[in-house]
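Below is one structure; the comments refer to it alone.
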Amino acid sequence: MQHKFSPKPILKIFLILCRTSVLWLCFASILCLTLPLFSCKKDVSKNMDLELTEEQLAEQKQFELSAEEEVKELVKQKAANDIDLNFWSNYPADILAEEITRRMTDEELLSQLFMFGWAGAEPSKLVTYWVEKRNIGSIKIFGWNTDNIELVAKNITTLQNKAMSGRFKIPLYVATDQEGGWIRHVKGNTSDTPGNLAIGASGFPQDAFYTGYYIAKELRSIGINMNFAPSVDLYINHNSTIIGPRSFGDNPEKAAILATAFAAGTKKAGVIPTAKHFPGHGDTEIDSHGKLPVIDIDKDTFFNRELVPFKYLIEENIPAIMTGHIAFPQITRDEEPASLSKIFIKSILRDSLQFKGLVISDDMMMNGATNYAGSIARAVTLAIEAGNNILCSSTTPQIDSALWIENIEKMKTTPSFRRSVQRACEQVLCSKIEYFKSENPVPILPDIKAISLSVPSQEGTLFFIEQACRSITFYQKGSLPLWPAKSGKVLLAAQFQEFFDEGVKRYPSSGLFYFRYNPSNEELRKSCNDIKNLAKSYDTIMIFVPNETAVTIAQSLSDSDKNVIIISALSPVPVLSGFEWADSIVLTYSYSPFTFKTLFAAIAGDFEPQGSLPLQFTRRN
């Protein structure tokens, strides 16, 4: 005779006790001890001489789920009756977030969705009011107030203390753009790294991982807990001046792998990575700060090119994604920005790609958003309705701005809009609870005295030198290396003192020719004439070419009989054609001190560069 074991009588007894005199916590503890008995596998069943039919197993599983729901409901009831409940109360994240949002006023709900920046070295009275009185959920550190990183940490401490003095004691998300390379909003002593395109040139995922890690470690020391990086836009349009070296390259798979590694390194340091700019800003020359970029690609290209990096990152649980102010008319059949689009956020990002994390808008003050919406207030409404959780603004709105007044009014008159705000707020709170109560969050209040010991990171400095070495690319090797003992007379031509400093260390007797980064037409003509005349007295001219102005000056040497070495920075595109006459073309991808140091080491023959061009480019004759 087979013995059949049923959990129903035991569970029913405990549920009755829980509803009467035994505390729910006691029940939960006992349940944890007894549930393993109810989930016996087949091999365990054999040992106990038990064999449950498929129907009994299904019934058992359903009963276990029902019991879990009963427990969850008891916890919800306890939270609802907790008059002292706040952000730090000991409840599961989803239950606590739900209960806090249930108690919030319309003003408190809407405020949690806002992330504001400010102008000046210290927080203005206006942004302080938004944090202290209206309890906005996040702040953004922009590049115009970050030269003194100890002061940045002090400002963060002040604002965090004010935020946590609010009714629910909710800390702030503190974000910045520290992509590495060209985009480095927090300055001071933070590492000026070789950048994403340099990582693409090396092609090593570990370079991406440790770049994200060391950047995030520095941000952590300052009190910044969210980084708007990595930028996963593909460098498809080689004429782009807004993405360019911020990209890992134009290959979707390679960019996806490097971006995923960068995000993993960021998370390892305890900072929240944010992939941007969904669904991809790389196939346009237009900057969405000024106007709305329109990318007219078909659905097949869109899903199999632009979305590839985001698919990889979502599979690896990227916690946040930033939406871009970009239109894809073949996807939406109009020029609605992705940041304001239900199709992109709800249908594609949430439903199709199954993204569960936070959706954060790009700066809502950009013309790419406001021109389409008609006003900043309307843009905020559309962004919330589309499914954004956090709305970023580079400037601090006035207290009685339309952005606030109109959306509060809409919450009171339109129940569906209020539900959208409440859902977004609940997701923000749930994310915060899970993050700030995790094992490795950024401390809410930074240790200001310890910043100088960790920024810049000594380990990071050694790594970035090595990474810069791996990125240097001899696109046209020519007669390189140029051994200093056999170099003859060398002329260094550039716009940056750091270039001259490193060059003179290798070639001490070098002549120096300085020209402006953005000269007037008259200055440009003079620089072209001056360098042509000066070059006659030298054997080798090394000229730094980071922009089109420098291209014009460098081209003035095309008729000389000298050994000319063209050195690019940031985007390599300006030097990839038209310089076949030069002896050598060397590609670098930033103005970083690490880049200048390793550049001259490579030219002088200290090592053989292994970097490769991270773009598909057909060279013209």
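The values are calculated or read from the model by the stated rules, or taken from the named source; none is laboratory data. All of these numbers come straight from a predicted model, not from anything done at the bench. Cβ coordinates were reconstructed from backbone atoms using ideal geometry, including for glycine residues, and neighbour counts include every protein chain displayed. For the accessible areas, the whole protein counts, side chains as well, though only heavy atoms, and no ligand, DNA or RNA atoms are used. Shrake-Rupley method; radii C 1.70, N 1.55, O 1.52, S 1.80 Å.
Among the residues examined, I405 does not qualify as open to solvent by less than 40 Å² (accessible area, probe 1.4 Å), more than 18 Å from Y173 (Cα to Cα) and in a helix (DSSP H, G or I). Just for the range 146-169: of the residues that are open to solvent by 10 Å² or more (accessible area, probe 1.4 Å) and among the β-branched types (V, I, T), which one is farthest from L445 (Cα to Cα)? Top of the filtered list is T158. Of the helices (runs of 4 or more DSSP H) lying entirely inside the range 450-556, those containing at least 1 residues that are polar (S, T, N, Q) and under 33 Å from the mean Cα position of the chain (by Cα) span 451-454, 458-471, 497-506, 548-555.
Take I399 and decide whether it is assigned to a loop (DSSP other than H, G, I, E, B) and crowded, with 16+ Cβ neighbours inside 10 Å. No: the conditions fail for I399. Among residues of the range 322-333 that are in a strand (DSSP E or B), those with a Cβ under 6 angstrom from a residue that is surrounded by fewer than 23 Cβ atoms within 10 Å (Cβ to Cβ), sequence gap 6+ or separate chain, pair up as A327/L292; A327/V294; A327/E335.
Check the range 404-426 and report whether any residue there is touching a strand residue (DSSP E or B) at 6+ places or on another chain (Cβ under 7 Å) and either modelled with pLDDT of 95 or more or closer than 25 Å to W130 by Cα (or both). The answer is no, given that none of the residues of the range 404-426 is touching a strand residue (DSSP E or B) at 6+ places or on another chain (Cβ under 7 Å) and either modelled with pLDDT of 95 or more or closer than 25 Å to W130 by Cα (or both). Residue count for the range 439-455, restricted to those that are of a type in the set (G, A, S) and either free of Cβ contacts under 8 Å to residues at least 12 places away in the same chain or open to solvent by 50 Å² or more (accessible area, probe 1.4 Å) (or both): 1.
Cβ separations smaller than 8 Å between residues 6+ apart or across chains give the following pairs from the range 521-536 residues that are modelled with pLDDT of 95 or more to residues that are in a helix (DSSP H, G or I): L524/T549; L524/T552; L524/I553; S527/I553; C528/T552; C528/I553; I531/I553. Scanning the range 93-147 for residues that are β-branched (V, I, T) and touching a Lys or Arg at 6+ places or on another chain (Cβ under 7 Å) yields I95, T128, V131, T146. Give the range 337-388 a look and list any residue that's more than 24 Å from M226 (Cα to Cα) and within 19 Å of the chain's Cα centre (by Cα), or say none. Those that are more than 24 Å from M226 (Cα to Cα) and within 19 Å of the chain's Cα centre (by Cα): none in the range 337-388.
Condition check ((1) outside any helix (DSSP H, G or I); (2) of a type in the set (D, E, K, R); (3) modelled with pLDDT of 95 or more) across all residues:
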residue: K61; (1), (2), (3): no, yes, no
residue: D82; (1), (2), (3): yes, yes, yes
residue: L85; (1), (2), (3): yes, no, yes
residue: L110; (1), (2), (3): no, no, yes
residue: A121; (1), (2), (3): yes, no, no
residue: R134; (1), (2), (3): yes, yes, yes
residue: I139; (1), (2), (3): yes, no, yes
residue: K154; (1), (2), (3): no, yes, yes
residue: T158; (1), (2), (3): no, no, yes
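Against the numbered list (1) farther than 21 Å from D250 by Cα; (2) in contact with a helix residue (DSSP H, G or I) (Cβ under 8 Å, 6 or more places away or on another chain); (3) open to solvent by less than 10 Å² (accessible area, probe 1.4 Å); (4) aliphatic (A, V, I, L, M), L512 comes up short only at (3).
Looking at the range 208-221, can you tell me whether even one residue there is polar (S, T, N, Q) and part of a loop (DSSP other than H, G, I, E, B)? No, that holds for no residue.
For the range 258-276, the condition of being of a type outside the set (A, V, I, L, M), touching a Phe, Trp or Tyr at 6+ places or on another chain (Cβ under 9 Å) and farther than 30 Å from D447 by Cβ holds for at least one residue. No other residue among K311, K254, K276, K291 is among the basic types (K, R) and either open to solvent by less than 10 Å² (accessible area, probe 1.4 Å) or assigned to a strand (DSSP E or B) (or both) apart from K276.
Restricting the first member to the range 546-560 and to residues that are more than 15 Å from S577 (Cβ to Cβ), and the second to residues that are among the polar types (S, T, N, Q), the beta-carbon pairs closer than 6 Å and six or more apart or on different chains are I553/S527.
When you check I242 against the structure, is it surrounded by fewer than 24 Cβ atoms within 10 Å (Cβ to Cβ), β-branched (V, I, T) and in contact with a Gly (Cβ under 6 Å, 6 or more places away or on another chain), yes or no? No: the conditions fail for I242. Between R418, R423, the distinction of being over 24 Å from the mean Cα position of the chain (by Cα) and open to solvent by 50 Å² or more (accessible area, probe 1.4 Å) belongs to R418 only. Residue-level check: of (1) closer than 25 Å to K449 by Cα; (2) among the aliphatic types (A, V, I, L, M); (3) within 23 Å of the chain's Cα centre (by Cα), I136 misses just (1).
The one condition from (1) touching a strand residue (DSSP E or B) at 6+ places or on another chain (Cβ under 6 Å); (2) open to solvent by less than 20 Å² (accessible area, probe 1.4 Å); (3) closer than 30 Å to K254 by Cα that P319 does not meet is (2). Every condition in (1) touching a helix residue (DSSP H, G or I) at 6+ places or on another chain (Cβ under 7 Å); (2) assigned to a loop (DSSP other than H, G, I, E, B) holds for L96 except the one numbered (2).
With the structure loaded, tell me whether I224 is over 16 Å from the mean Cα position of the chain (by Cα) and not acidic (D, E) or whether it fails that test. Considered against the rule, which asks whether it is over 16 Å from the mean Cα position of the chain (by Cα) and not acidic (D, E), I224 comes out as no. List the residue pairs whose Cβ atoms are under 9 Å apart, where the first residue sits in the range 456-483 and is on the phi > 0 side of the Ramachandran plot, the second is assigned to a loop (DSSP other than H, G, I, E, B), and the two are 6 or more positions apart or on different chains. Note: pairs meeting the criteria are G478/A582; G478/D583. Selection of the range 268-326 for residues being under 18 Å from the mean Cα position of the chain (by Cα), more than 17 Å from G212 (Cα to Cα) and small (G, A, S) yields G280, G282, S288, G324.
Each residue in the range 532-588 was checked for being among the hydroxyl-bearing types (S, T, Y) and open to solvent by 10 Å² or more (accessible area, probe 1.4 Å), and 9 of them qualify.
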